[in-house]
Amino acid sequence: MENQAALTRNRVDQLVQRLRGSRSVLALTGAGISAESGLPTFRGAGGLWRTHRVEELASFEGFWRNPALVWSWYNERKAAHRRARPNAGHAALAQLEKRFGDFTLCTQNVDSLHFAAGSRNVLELHGHLREARCTHCGARRELGESGLPLDEIDHPCGGRMRPNIVWFGEPLLQATWRQAEAAASRAEVILVIGTSAVVYPAAALATRYNRSAYVAEINPEETAISERIDCVLRGTAAEVLPRIVEALSPI
Ligand code: OAD
């Protein structure tokens, strides 16, 4: 236990050294950063995809077959997002953004908690649950506190209102992805936080675009990229990120 704590301290110190010498930083976050805000992850114990069928709930085909089922599920998630508050991990990333000239936060999350914590330069790779959009004409509408009423799924143009998120089998929004790739290419440090790093193309930001960046992972569990990166910090986002901010503070 003592050794593990000393190891983590050393690794935080190494990462902080790299951050001190860097101007461009990219952070990639996944569901794990919101776990300490009470939102479930997808693949871990208690994860959403352990008990729900991804092809029914997170694909266009599933939506078209049963839009009411899909909206009932996203409406529940929307309600959970509304109850959730950003945690110390989200807050630490908002602090880091202020500290660097070039800080890009790429998130796979659709819960808006990074904005709630004060982060500004956020690329929401998988969209967000603040809006619905029409499958046919692209019209958008803001989602109320309880999401979309089920009797308002059909749009007058003949399309259907769907959550404004990216589902499996769909491309990411091009403009957003291009900005993310550019940020990954110029980053000197890449922080990978709370993601299993198995969903592409998002996971590629961690390792594929920039071989010279120093890549650090913050995650209590091993992931698909743990063995290929420079610095592994085993701990939760709300524990480890504030320590990094604190260690970075005195210049
Ligand atoms: P996953 O559920 O695949 O991974 C969550 C990761 O968070 C795991 O590696 C956990 O070990 C880690 N974790 C758990 N608690 C944590 C904590 N307190 N602090 C830090 N890390 C913690 O979620 P994602 O990688 O985000 O896409 O999944 C990627 C995409 O797959 C999602 O955006 C979603 C999903 O299907 C769509 O819905 C399109």
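Could you list, in sequence order, all residues of the stretch 1-53 that are among the β-branched types (Val, Ile, Thr), open to solvent by 20 Å² or more (accessible area, probe 1.4 Å) and more than 10 Å from the ligand (Cβ to nearest atom)?
First pass over the stretch 1-53, keeping only residues among the β-branched types (Val, Ile, Thr): 8, 12, 16, 25, 29, 33, 41, 51.
From what's left, open to solvent by 20 Å² or more (accessible area, probe 1.4 Å): 41, 51.
Once the filter is applied, which keeps residues that are among the β-branched types (Val, Ile, Thr), open to solvent by 20 Å² or more (accessible area, probe 1.4 Å) and more than 10 Å from the ligand (Cβ to nearest atom), the stretch 1-53 yields only 51.
What tally of residues in the stretch 14-25 results from selecting those that are among the charged types (D, E, K, R) and over 9 Å from residue 248 (Cα atoms)? Show your work before the answer.
The first filter runs over the stretch 14-25 and keeps only residues among the charged types (D, E, K, R), leaving 18, 20, 23.
Filter once more, so that each one left must be over 9 Å from residue 248 (Cα atoms): 18, 23.
Qualifying residue count for the region: 2.
Looking at this structure, is residue 226 open to solvent by 20 Å² or more (accessible area, probe 1.4 Å), assigned by TED's automatic domain parsing to the domain that holds residue 106 and farther than 20 Å from residue 110 by Cβ? Give the steps one after another, and end with the answer.
Values: open to solvent by 20 Å² or more (accessible area, probe 1.4 Å): no; assigned by TED's automatic domain parsing to the domain that holds residue 106: yes; farther than 20 Å from residue 110 by Cβ: yes.
Criteria not met by residue 226.
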It is to be established whether one or more residues within the stretch 113-127 are of a type in the set (Lys, Arg) and surrounded by fewer than 14 Cβ atoms within 10 Å (Cβ to Cβ). yes
The stretch 188-216, residues that are within 11 Å of the ligand (Cβ to nearest atom) and either surrounded by fewer than 21 Cβ atoms within 10 Å (Cβ to Cβ) or among the hydroxyl-bearing types (Ser, Thr, Tyr) (or both): 195, 196, 198, 199, 200, 203
Only one residue in 169, 158 is open to solvent by 60 Å² or more (accessible area, probe 1.4 Å) and within 16 Å of the ligand (Cβ to nearest atom), so which one is that? 169
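Would it be correct to say that residue 5 is in contact with a Pro (Cβ under 7 Å, 6 or more places away or on another chain) and without any contact (Cβ under 8 Å) to a residue 40 or more places away in the chain?
Against the criterion (in contact with a Pro (Cβ under 7 Å, 6 or more places away or on another chain) and without any contact (Cβ under 8 Å) to a residue 40 or more places away in the chain), residue 5 does not qualify.
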Which condition number does residue 219 fail, the rest of (1) in contact with a Gly (Cβ under 9 Å, 6 or more places away or on another chain); (2) of a type in the set (S, T, N, Q); (3) more than 15 Å from the ligand (Cβ to nearest atom) being met? (3)
Filter the stretch 108-139 for residues that are among the small types (Gly, Ala, Ser), part of a strand (DSSP E or B) and more than 15 Å from the ligand (Cβ to nearest atom) and give the result. 132
Residues that are modelled with pLDDT of 95 or more and hydroxyl-bearing (Ser, Thr, Tyr), drawn from the stretch 219-251: 223, 226, 236
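The values are calculated or read from the model by the stated rules, or taken from the named source; none is laboratory data. Note that the structure is a prediction, hence the values are computed from the model and not measured. All Cβ positions, even for glycine, are placed from backbone atoms using ideal geometry, and neighbour counts span all protein chains on display. Accessible surface is based on the protein model in full, side chains and every heavy atom, while ligands, DNA and RNA are left aside. Shrake-Rupley method; radii C 1.70, N 1.55, O 1.52, S 1.80 Å.
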